[in-house]
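Visitor: I'd like to ask you about the structure that follows.
The values are calculated or read from the model by the stated rules, or taken from the named source; none is laboratory data. Since the structure is predicted, the reported quantities are computational estimates derived from the model, not experimental observations. FYI the Cβ positions are ideal-geometry reconstructions off the backbone, even for glycines, and counts take in every protein chain you see. Keep in mind that these areas ignore ligands, DNA and RNA; they rest on the heavy atoms of the full protein, side chains included. Shrake-Rupley method; radii C 1.70, N 1.55, O 1.52, S 1.80 Å.
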Amino acid sequence: MAAERMAEEGRTPPPRPLDAIDRAILNMLRTDGRASIRSVAERVHVSRANAYARINRLIEDGVIRGFSARIDQERAGQGASAYITLKIVQNSWRTVREQLQELPGAAHIALVSGDFDVLLMVHTEDNRALRELVLTRIQSIPEVLSTRTLLVFEETDLWPEGQEG
């Protein structure tokens, strides 16, 4: 198969188009990643075998990258959250990303366009730990030219339980 050959060569096969049932499954799993195959099948009106095969295909195709829990950071002991913008040395994205991924509390990293190059979301125990993370860890990365820290006062999950997108 062409897809298997591409995988062996380290290339990603082109994504298969998603139909309405695939999209319904994704919306359901986005809302409840613990939904059973039976409940998914009933909700999207397909057999359990079909639902199972579709979910596996979505995983194999890389559409579903994994399953996780939505965490209330404050209740989990991470009372300070911030977005940190970084300006970095041109063409150093991969090196910087590797170092940022190792930071405690790093939750999301994005290469972006605009006035800065990288947007990093972090969760720390408190403002003291946040300050230490920014001033000691992030600013010591040689390819980081500057940072700006935006404290998060309140967050809203766009996919709350029980609500579909």
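Visitor: So what is the accessible area of the chain per residue, in Å², with the probe set to 1.4 Å?
Guide: Per residue, the chain has 71 Å² of solvent-accessible surface.
Visitor: Also, I was wondering about something else. For the range 45-127, which trypsin sites (Lys or Arg not before Pro) are in a loop by DSSP, counting at most 11 other Cβ atoms within 10 Å?
Guide: Filter output for the range 45-127: R65, R70, R75.
Visitor: Could you please report the charge total around N91, scoring K, R as +1 and D, E as -1 over all other residues with beta-carbon less than 12 angstrom from its beta-carbon?
Guide: Every neighbour counted, the sum reads -1.
Visitor: Which angle between 0 and 90 degrees, to the nearest 10, do you get for helix 20-31 versus the longest principal axis of the chain when only C-alpha atoms count?
Guide: 50 degrees
Visitor: Where the centroid of each part is defined by its Cα atoms, how far is the range 85-133 from the range 13-44 in Å?
Guide: Taking the Cα centre of each part, the range 85-133 and the range 13-44 sit 32 Å apart.
Visitor: Between L158 and A107, what is the label-point separation in nm under the 7 Å Cα-to-beta-carbon projection?
Guide: It is 1.5 nm.
Visitor: Over the chain, what percent of the accessible surface lies on carbon and sulfur atoms, probe 1.4 Å?
Guide: Of all accessible area on the chain, carbon and sulfur atoms account for 48 percent.
Visitor: So, one more: For the chain, compute Rh as the Kirkwood radius over C-alpha pairs and then the Stokes-Einstein diffusion coefficient at 10 °C and 1.306 mPa s; write the answer in µm²/s, rounded to an integer.
Guide: 84 µm²/s
Visitor: Related question: Using each residue's phi in the range 74-84, evaluate 6.51 cos²θ - 1.76 cosθ + 1.60 at θ = phi - 60° and report the 3J(HN,Hα) Karplus result to the nearest Hz, with x for Gly and Pro.
Guide: So the J values, rounded to whole Hz, are 5, 5, 8, x, 10, x, 10, 10, 7, 9, 10.
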